[in-house]
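Structure, as structure tokens:
The values are calculated or read from the model by the stated rules, or taken from the named source; none is laboratory data. Small disclaimer: the values here were computed from a predicted structure and weren't measured. Positions of Cβ are backbone-derived with ideal geometry, glycine not excepted, and every protein chain shown enters the neighbour counts. Just the protein is used for accessible areas: all its heavy atoms, side chains included, with ligands, DNA and RNA removed. Shrake-Rupley method; radii C 1.70, N 1.55, O 1.52, S 1.80 Å.
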Amino acid sequence: MVMAGLPKSLSGQDVGSFAYLTIKDRIPQILTKAIDTLHRHKNEFFEKHGEKGMEAEKKAISLLSKLRNELQTDKPIVPLVEKLVDTDTWNQYLEYQQSLLNESDGKPRWFLSPWLFVECYMYRRIHEALIQSPPIDDFDVFKESKDQNFFESQESITALCTHMKELMKTVEDLEENQLKEEFFKVLQISLWGNKCDLSLSGGETSSQKTNIVNSLEDLKPFILVNNMEQLWLLLSNCKKTREKSSITRVVIVLDNSGFELVTDLVLADFLLSSKLATEVHFYGKMIPWFVSDTTVNDFNWLIKQLKHSNHKWMSRCGVDWENHIKTGRWVYLDHIFWTLPHEYSAMSQVAPDLHAALQKAHLILFKGDLNYRKLTGDRKWEFTIPFHEALNGFHPAPLCSIRTLKAEIQVGLLPGQGEQLTASEPNWLTRGKYGIFQFDGPL
């Protein structure tokens, strides 16, 4: 699974690092918020399920409190107990982590093991706590904050839908260079939409308050790797050489719901209307994940909210997008692999069916930070290591990471670029201020 000579994983062993602070402060904060959310819904559980609902709420809270205590006291990481489709895979991965340790290390622990593993494990344990607490086992502890993000970003969403629908009127008549310009705009909208991440703020509000369309010029200097040109070349070439009945499929591996999801759907709508793609496949998460990640419920809920909006263009987006789903031009999918702890270079072994499906894409867009961490193995790479190399053999199809930086990992920079940024802004890697369009594929 690990190539010889790969750099070490980011972990909580590095005191003061972003990984360390996440495990020490942000993760317990997220657990506390989850416990509080369950507590606040006590009456709702009672109304729905009577005494059983109350008992379940108590049980889920005690399991999450136990989890928080294990984490804060750096206890060994324990196997999952509830039998679900992915339980064995998780427990095998825990054994694999054990095999990487020296005798003196003992068992995998919260601050010792790779950050990517323990952070994913924590969200999987939250899911387990709820699964073990029927009849509230389908309750999403993060739904409230995801919905709040959507409602607090209303003005920006309105501006975005208006921009989109105005653009639709003329998209067929645009000359090639104008179409390219509009394509670059919707790409940048999707990039900066990725700033709204609730796991970064410990689950506190992170809504989008400004009209993103008007900010694009000002934000351009903060794009550190800009491979938009390659994306245009690839898709415009597909469009030119496509036979009448053939398809161009773009896959978007989603990150956050709420405002960011709207920016991704705007991009997907543009891909269809500009004929740069004939179909878009979206991948979301099968269980609530990293606070704000998109599940099928979030995806459907958001489109329904837009459709029933009393704002003309928001409602029009909702109707059009629902229609894309009905006609099969948009397909929402999920797969258990996206909520496993594995890096993507292991996908062909762990989830060969998913890998085979991705190989059918003409382009895969990976949104956000967690995807980037899994693409690159969340390792201590040098800033200048080529992206292709950091992918460690994962190349199912041409792919591009679209992310704002919120973790201490970035590859493919120019010599000196990373050091220069570190000198002027010590926390440039984790603020979500900088962004990338980083492409890997044959051209």
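Can you tell me how much longer the chain between Ser246 and Glu55 gets when fully stretched, taken as 0.36 nm per residue apart minus their C-alpha distance, in nm with one decimal?
Details: separation 191, 0.36 × 191 = 68.76 nm, distance 5.54 nm.
Fully extending the segment from Ser246 to Glu55 adds 63.2 nm.
So what is the 222 nm mean residue ellipticity for the chain from helices alone, if each DSSP H run of at least 4 adds -39500 (n - 2.57) and you divide by all residues, rounding to the nearest 500 deg cm²/dmol?
Working: 19 runs with 219 residues, N = 443.
The per-residue figure over the chain is -15000 deg cm²/dmol.
For region 301-340, calculate the relative contact order in percent as a whole number, restricting contacts to Cα pairs under 8 Å that are 6 or more residues apart. Can you show the working numbers first?
On the way: 23 pairs, mean separation 10.5, N = 40.
Dividing the mean separation by the residue count of region 301-340 yields 26 percent.
Rounded to the nearest 0.05, what FRET efficiency is calculated for Glu322 and Leu84 with R0 set to 41 Å and r the Cβ-Cβ distance?
Values: r = 31 Å, r/R0 = 0.76.
The calculated FRET efficiency here is 0.85.
Given a Förster radius of 41 Å and the C-beta distance between Lys66 and Asp147 as r, what FRET efficiency does 1/(1 + (r/R0)^6) yield to the nearest 0.05? Write out the running numbers ahead of the final one.
Details: r = 28 Å, r/R0 = 0.68.
For R0 = 41 Å, the calculated efficiency reads 0.90.
Would you list Glu57, Glu419 from the most to the least accessible area, probe 1.4 Å? Please list the in-between numbers first.
On the way: Glu57 5, Glu419 105 Å².
Largest to smallest exposure gives the sequence Glu419, Glu57.
How large a share of the accessible area of the chain, in percent, is made up of carbon and sulfur atoms when the probe is 1.4 Å and the other protein chains stay in place? Please report the intermediate quantities before stating the final value.
Details: 9520 of 18440 Å².
The nonpolar share, carbon plus sulfur, comes to 52 percent.
Could you sort 248-261, 141-154, 367-380, 158-171 so that the peptide with the highest average Cβ count within 10 Å comes first and the rest follow in order? It would help to have the intermediate numbers written out before the result.
Working: 248-261: 26.1, 141-154: 19.6, 367-380: 24.1, 158-171: 17.5.
My ranking of the peptides, most packed first, is 248-261, 367-380, 141-154, 158-171.
Could you check what % of the DSSP bridge pairs in the chain are antiparallel, to the nearest 5? Don't skip to the answer; put the middle values down first.
Details: 10 of 32 bridges.
Of those bridges, close to 30 percent are antiparallel.
Give the residues of region 13-29 whose amide nitrogen is closer than 19 Å to a point set 7 Å from the Cα of Arg431 in the direction of its Cβ.
17-19, 21-22
If one computes P(r) from the Cα atoms of region 173-305, what percent of pairs lie at distances over 24 Å?
Numbers: 3049 of 8778 pairs.
Tail of P(r) above 24 Å: 35 percent of Cα pairs.
R0 = 22 Å: FRET efficiency of Leu216 with Leu174, Cβ-based, nearest 0.05?
0.80
Quick one: accessible area per residue over the chain, 1.4 Å probe, rounded to a whole number of Å²? Intermediate results must be reported in sequence, preceding the final value.
On the way: 18440 Å² over 443 residues.
Ligands and nucleic acids excluded, the result is 42 Å² per residue.
Could you please state, rounded to a whole Å, how far the C-alpha centre of region 18-45 is from the C-alpha centre of region 91-166?
11
Quickly work out the Ala357-to-Asp137 label distance, labels modelled 7 Å from Cα along the C-beta direction, and quote it in nm with one decimal.
2.4
Specify the residue with the greatest mean-square fluctuation among Ile247, Ile212, Ile189, computed from a Gaussian network of the chain linking alpha-carbon atoms under 10 Å apart.
Looking only at Ile247, Ile212, Ile189, the biggest GNM fluctuation is shown by Ile247.
Taking every DSSP beta bridge with both residues inside region 242-374, roughly what % is antiparallel (nearest 5)?
Numbers: 1 of 16 bridges.
Within region 242-374, antiparallel bridges account for around 5 percent of the total.
Given the options Ala356, Ala423, Ala60, which has the most mean-square fluctuation in a GNM of the chain, springs set between C-alpha atoms less than 10 angstrom apart?
Greatest mean-square fluctuation among the candidates belongs to Ala423.
By a straight-distance test (C-alpha under 29 Å), which lysines pair with Lys58 as possible cross-link partners, with residues fewer than eight away in the same chain excluded?
Lys24, Lys33, Lys42, Lys48, Lys66, Lys75, Lys83, Lys143, Lys146, Lys285
Between Gln417 and Phe46, what length in nm is gained on full extension when 0.36 nm per residue of separation is reduced by their alpha carbon distance?
Numbers: separation 371, 0.36 × 371 = 133.56 nm, distance 5.66 nm.
Full-extension gain reported as 127.9 nm.
So which DSSP H runs in the chain come out at 27 Å plus along the axis (Cα) with average Kyte-Doolittle of at least 1.0? Working shown, then result.
Values: long enough: 51-72 (32 Å, -0.81).
Helices meeting the criterion: none.
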